[in-house]
Amino acid sequence: MRVLIGTTNPAKVARFEEFLAGSGIDFLTLKDLKITAEPEESGDSPEENARIKAAFYGRFFDRVICNDSGLYFDCIPIDDPRQPGLNIRSPQGHRLDDEEMITYYSSLLHELGGKALAYYLDGIAVYREGTIESYLDARGKHAAFYMVETPSPNRHPGWPLDSLSVNKNTMTYFVDQGNNIYDCVEEQIMIGEYRQRVVNFLERALGIS
């Protein structure tokens with residue numbers, strides 16, 4: 001089975017390859033198919049945007065996986081214009097590269113007192129031969145972490161905010177070598193259950209027996 005991963009982010013490609021490792025899937029990227037067109041992400045949630053992307057890239061391939069995420073700070077009202085939400089890479093209306101993101105969010109966190117509790121919401125959609133299935137994982141605050149104004153010197157290409165994100169228990173950066181983001185038993189169980197939910201959804205939506 002061949003599946004297109006509808007993203008230009010290498011970290012997202014690696015994430016889905018890892019989720020479905022051993023499934024016999026031959027993964028393709030937008031670069032492989034020389035697709036440069038992009039959809040207008042006009043949804044009101046990560047799940048809606050993932051569905052928009054899946055419908056768009058479904059014009060190019062029979063099976064497509066798309067993902068969208070929203071970042072939320074617990075200390076900012078949901079309607080505050082500083083709340084990243086769906087605009088993680090374009091908080092000021094224009095797209096930022098990895099280093100620009102680190103600079104922008106470092107400045108925002110300075111405004112917020114140097115540290116803020118944050119969490120992601122993830123939406124995933126699968127296009128399969130004309131139909132779309134989607135999934136929103138509401139981990140929310142159960143998977144919260146801190147973001148801090150001083151970045152680690154280390155980088156995780158495609159996930160620049162890992163250089164500002166720290167484990168709320170150990171206060172070690174996500175991006176630093178040897179850091180276990182989910183270091184306690186409860187967190188390991190939580191992420192294991194999340195992973196299994198995503199894998200189950202992907203296998204069902206793609207038609208993997």
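Data overview
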item	result
Residues that are of a type in the set (V, I, T) and open to solvent by 70 Å² or more (accessible area, probe 1.4 Å), drawn from the range 63-88	I78
Residues located in the range 20-43, provided they are without any contact (Cβ under 8 Å) to a residue 40 or more places away in the chain and either of a type in the set (D, E, K, R) or outside any loop (DSSP other than H, G, I, E, B) (or both)	D26, F27, L28, T29, K31, D32, K34, E38, E40
The range 45-62, residues that are crowded, with 19+ Cβ neighbours inside 10 Å and closer than 11 Å to D122 by Cα	P46, E47, N49, A50
Scope the range 144-176; condition surrounded by 15 or more Cβ atoms within 10 Å (Cβ to Cβ) and without any contact (Cβ under 8 Å) to a residue 24 or more places away in the chain; matching residues	D162, V166, N167, T172, Y173, V175
The lone exception for L4 - which of (1) more than 13 Å from the chain's Cα centre (by Cα); (2) surrounded by fewer than 17 Cβ atoms within 10 Å (Cβ to Cβ) it fails	(2)
Residue list for the range 94-117, restricted to those being open to solvent by 50 Å² or more (accessible area, probe 1.4 Å) and of a type in the set (A, V, I, L, M, F, W, C)	L117
Selection within the range 7-19 - open to solvent by less than 30 Å² (accessible area, probe 1.4 Å), assigned to a helix (DSSP H, G or I) and modelled with pLDDT of 90 or more	V13, F16, F19
Qualifying positions in the range 28-44 - of a type in the set (A, V, I, L, M) and surrounded by fewer than 16 Cβ atoms within 10 Å (Cβ to Cβ)	L33, A37
Pairs where the first residue, in the range 103-126, is free of Cβ contacts under 8 Å to residues at least 40 places away in the same chain and the second is part of a strand (DSSP E or B) and open to solvent by less than 30 Å² (accessible area, probe 1.4 Å), C-beta under 6 Å, 6+ apart	K115/V148
Matching residues, the range 69-117, being touching an Asp or Glu at 6+ places or on another chain (Cβ under 6 Å) and over 24 Å from G158 (Cβ atoms)	H110, G114
Selection count, the range 182-209, where residues are at pLDDT below 50 and outside any helix (DSSP H, G or I)	3
Residue selected from the range 121-143 under the condition open to solvent by 40 Å² or more (accessible area, probe 1.4 Å) and of a type in the set (D, E), by the criterion modelled with the lowest pLDDT	E129
Residue ID - modelled with the highest pLDDT, chosen from residues in the range 61-97 that are closer than 23 Å to D32 by Cα, charged (D, E, K, R) and in contact with a helix residue (DSSP H, G or I) (Cβ under 7 Å, 6 or more places away or on another chain)	R63
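The values are calculated or read from the model by the stated rules, or taken from the named source; none is laboratory data. For clarity, every value in this text was computed on a predicted model and none was experimentally measured. Heads up, the Cβs are rebuilt from the backbone with ideal geometry, glycines too, and the neighbour counts pull from every protein chain shown. Note: areas computed on protein heavy atoms with side chains; ligands, DNA, RNA excluded. Shrake-Rupley method; radii C 1.70, N 1.55, O 1.52, S 1.80 Å.
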